[in-house]
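To keep things clear, I will list the structure first and then write my remarks on it.
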Amino acid sequence: MADGRAGAALRGLRGRFRGQVVLPGDPGYDRARAVWNATADAHPAAVARCAGVEDVVAAVRLAREHDLLVAVRGGGHSYPGFSTCDGGLVIDLSPMAGVRVDPGRRLATAAGGALLGELDRQAQAHGLACPTGHVSHTGVGGLTLGGGVGRLTRRHGLTLDNLVAIELVTADGERVRAAADSEPELFWGLRGAGANFGIATSFELRLHPVGPRVLAGIAVYPIERAREVAAAFTAAMAAAPDEVTAGMGWFVAPPGPPFPPAVAGRPVVVVNATHCGPLDAAERDLAPLRALGPALDTFAPRSYLELQAESDDHYRWGKRYYWKGLLLEALAAEAVDQIGALLAAAPGPDCGVGLLSLGGAFGRVPEDATAFSGRDAALWLITEAVWQDPAQDPARVAWGRDAMAALRPFATSVNYVNDLGQLDQDAVRGAYGPAKYDRLVALKRTWDPANVFRRNQNIRP
Ligand SMILES: Cc1cc2nc3c(=O)[nH]c(=O)nc-3n(C[C@H](O)[C@H](O)[C@H](O)COP(=O)(O)OP(=O)(O)OC[C@H]3O[C@@H](n4cnc5c(N)ncnc54)[C@H](O)[C@@H]3O)c2cc1C
């Protein structure tokens with residue numbers, strides 16, 4: 001907890017703050033301190049809900065002056081709960097949530113606390129989209145600064161591949177613009193290790209024509225067919241154009257419609273895909289992914305905007321989550337068997353494994369062009385456990401750890417930082433590989449030598 005002097009300063013901040021400073025005991029405190037993952041139940045000394053860049057500057061300066069631990073919150077979706085902290089200052093950007101679109105230049109400017117849904121909505125109003133993630137209440141901030149994998153990745157790259165510029169408040173409370181022609185080394189590091197170097201107050205992002213309708217859906221098979229489905233998926237993706245981003249999922253199907261009796265309530269393997277090109281080309285290009293006679297095939301032209309929000313409720317705020325991820329070079333048959341065994345050993349129905357094809361535009365970005373590491377990876381894999389009862393924490397976390405241990409032998413040496421868990425310095429170094437990590441350390445020493453921004457996958461100065 002903040003000592004008396006810091007406590008008084010936090011109360012004093014209210015007088016020169018456009019937004020809200022929420023302190024323990026205030027009526028809105030529990031709402032203000034909540035983050036997406038209910039297992040991250042921290043009690044900060046204050047939550048500074050910033051209304052603009054001046055508020056961000058004031059909050060950073062106050063934290064420095066009183067040596068307060070800082071947590072920066074964008075969308076609040078960090079799996080390990082980095083966007084909150086016990087006893088420190090949460091600099092909450094969520095009131096800074098606006099997105100402006102310049103359709104002529106095909107650019108969006110998203111404020112530091114904007115959510116993916118707002119970016120999608122504003123861009124789709126002009127028939128445009130920026131490649132983002134799969135759940136619309138995720139923050140543009142954390143997603144973009146770490147990577148940003150989603151339905152358009154093979155066609156248009158990661159979210160961070162579409163960054164044109166970032167406005168930043170530094171650890172000294174100064175304002176900096178990072179772009180290809182302004183602080184280029186900082187711009188390099190922000191694209192993959194971005195939470196380490198400052199507070200991004202705005203993101204300028206490139207947009208592309210998409211939709212408004214795209215062909216998308218799932219094909220569902222009994223889990224016994226997993227090896228056959230995985231082999232067909234691999235072959236289909238080797239020949240697929242960039243417009244196709246597809247994945248596989250292993251989970252227990254819900255008990256009723258639309259799942260037919262052959263798969264309802266049973267472990268299944270699913271192929272999901274989105275084609276972001278014209279609908280007639282999409283029918284042709286997605287046919288190989290649907291050709292094995294699934295028990296259920298839901299492919300149909302869909303509103304891109306609705307598709308982007310279709311998992312929002314399942315992954316809603318306030319549940320308990322244990323998620324981890326890996327990048328894979330290929331989908332080995334032995335990995336498919338391991339995933340099946342993991343599902344059989346799961347402690348509850350909401351434990352699953354998903355993967356998504358990479359390659360295409362994602363893979364054509366040179367490995368050294370950004371701090372993000374793993375451009376050679378063929379697949380992005382996620383294990384997820386979702387539950388509500390805190391009594392189930394040990395069993396769910398143990399399953400999540402076992403799943404990672406079983407699948408790590410199939411992974412690339414580097415990893416996607418947004419998929420790491422609680423801070424583990426070896427894992428962070430490994431995620432970038434030694435050469436990139438050392439380059440990031442040099443950057444951290446320039447921009448944040450006191451490690452003010454350390455509630456993240458931390459680059460130690
Ligand atoms: C439901 C769900 C779905 C997801 N789907 C995808 C997906 O499809 N693709 C994908 O690539 N990832 C996905 N992710 C992972 C996601 O990219 C990360 O969890 C990301 O960190 C979330 O960003 P946030 O701003 O919401 O989170 P926060 O918890 O607010 O922030 C995460 C980290 O970034 C820092 N940060 C956030 N905003 C800023 C800012 N403006 N300036 C400086 N630092 C900042 C925080 O301090 C923290 O360290 C998903 C996560 C969830 C929970």
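The values are calculated or read from the model by the stated rules, or taken from the named source; none is laboratory data. Model, not experiment: these values are computed from the prediction. Methodologically, a virtual Cβ is constructed for each residue, glycine included, from the backbone with ideal geometry; neighbour enumeration extends over all protein chains shown.
If the Cβ limit is 8 Å and pairs must be 6+ apart or interchain, which residue in the stretch 190-204 that is part of a loop (DSSP other than H, G, I, E, B) pairs with which residue that is surrounded by fewer than 24 Cβ atoms within 10 Å (Cβ to Cβ) and polar (S, T, N, Q)?
Every condition considered, the pairs that remain are Phe197/Thr170; Gly198/Thr170.
Taking interchain pairs and intrachain pairs at least six residues apart, which have beta carbon atoms under 8 angstrom, with the first residue in the stretch 139-151 and within 14 Å of Gly194 (Cα to Cα) and the second near the ligand (Cβ under 6 Å from one of its atoms) and in a helix (DSSP H, G or I)?
Going by the 8 Å Cβ cut-off, the qualifying pairs are Gly142/Ala195; Gly142/Asn418; Leu143/Asn418; Leu145/Ala195; Gly146/Ala195; Gly146/Asn418; Gly147/Asn418.
Check Val53 against each of (1) touching a Lys or Arg at 6+ places or on another chain (Cβ under 8 Å); (2) crowded, with 24+ Cβ neighbours inside 10 Å; (3) β-branched (Val, Ile, Thr) and name the one condition it does not meet.
Val53 satisfies all of (1) touching a Lys or Arg at 6+ places or on another chain (Cβ under 8 Å); (2) crowded, with 24+ Cβ neighbours inside 10 Å; (3) β-branched (Val, Ile, Thr) except (2).
Among the residues of the stretch 1-33, write down those that are in a loop (DSSP other than H, G, I, E, B) and out of contact with any helix residue (DSSP H, G or I) (no Cβ under 9 Å at 6 or more places or on another chain).
Within the stretch 1-33, Asp3, Gly25, Pro27, Gly28 qualify.
Please indicate, with yes or no, whether at least one residue in the stretch 397-411 is among the hydrophobic types (A, V, I, L, M, F, W, C), without any contact (Cβ under 8 Å) to a residue 24 or more places away in the chain and more than 15 Å from Asp350 (Cα to Cα).
yes
Report whether or not Leu168 is part of a loop (DSSP other than H, G, I, E, B), at pLDDT 95 or above and within 23 Å of Gly142 (Cβ to Cβ).
So Leu168 does not fit the description; no.
Out of Arg213, Arg206, Arg191, which single residue is within 19 Å of Asn272 (Cα to Cα) and not aromatic (Phe, Trp, Tyr)?
Going through Arg213, Arg206, Arg191 in turn, the sole match is Arg213.
Only one of Arg154, Arg121, Arg177 is within 15 Å of the ligand (Cβ to nearest atom), assigned to a helix (DSSP H, G or I) and outside the structural domain of Gly374 (by TED's automatic domain parsing). Can you tell me which?
Within the list Arg154, Arg121, Arg177, the selection yields Arg154.
Has the stretch 375-383 got any residue that is in a loop (DSSP other than H, G, I, E, B) and not hydrophobic (A, V, I, L, M, F, W, C)?
Among the residues of the stretch 375-383, at least one is in a loop (DSSP other than H, G, I, E, B) and not hydrophobic (A, V, I, L, M, F, W, C), which makes the answer yes.
Can you tell me which of (1) among the small types (Gly, Ala, Ser); (2) within 30 Å of Ala171 (Cβ to Cβ); (3) more than 16 Å from the ligand (Cβ to nearest atom) is the one Ala427 doesn't meet?
Among (1) among the small types (Gly, Ala, Ser); (2) within 30 Å of Ala171 (Cβ to Cβ); (3) more than 16 Å from the ligand (Cβ to nearest atom), Ala427 violates only (3).
Each row is one residue, and each column tells you yes or no for (1) surrounded by 23 or more Cβ atoms within 10 Å (Cβ to Cβ); (2) closer than 19 Å to Leu143 by Cα; (3) in contact (Cβ under 8 Å) with a residue 12 or more places away in the chain.
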position: Pro27; (1), (2), (3): no, no, no
position: Arg31; (1), (2), (3): no, no, no
position: Ala48; (1), (2), (3): yes, no, yes
position: Gly74; (1), (2), (3): yes, yes, yes
position: Thr84; (1), (2), (3): yes, yes, yes
position: Gly98; (1), (2), (3): no, yes, yes
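Give me the residue from the stretch 124-139 that is touching a helix residue (DSSP H, G or I) at 6+ places or on another chain (Cβ under 6 Å) and outside any strand (DSSP E or B) and, out of that set, farthest from the ligand (Cβ to nearest atom).
Gln124
Of the numbered conditions (1) at pLDDT below 95; (2) out of contact with any helix residue (DSSP H, G or I) (no Cβ under 7 Å at 6 or more places or on another chain); (3) not polar (S, T, N, Q), Leu289 fails exactly one; give the number of that condition.
(2)
Kindly list the number of the only condition in (1) over 20 Å from Val56 (Cα atoms); (2) buried (at least 23 other Cβ atoms within 10 Å of the Cβ) that fails for Arg121.
Among (1) over 20 Å from Val56 (Cα atoms); (2) buried (at least 23 other Cβ atoms within 10 Å of the Cβ), Arg121 violates only (2).
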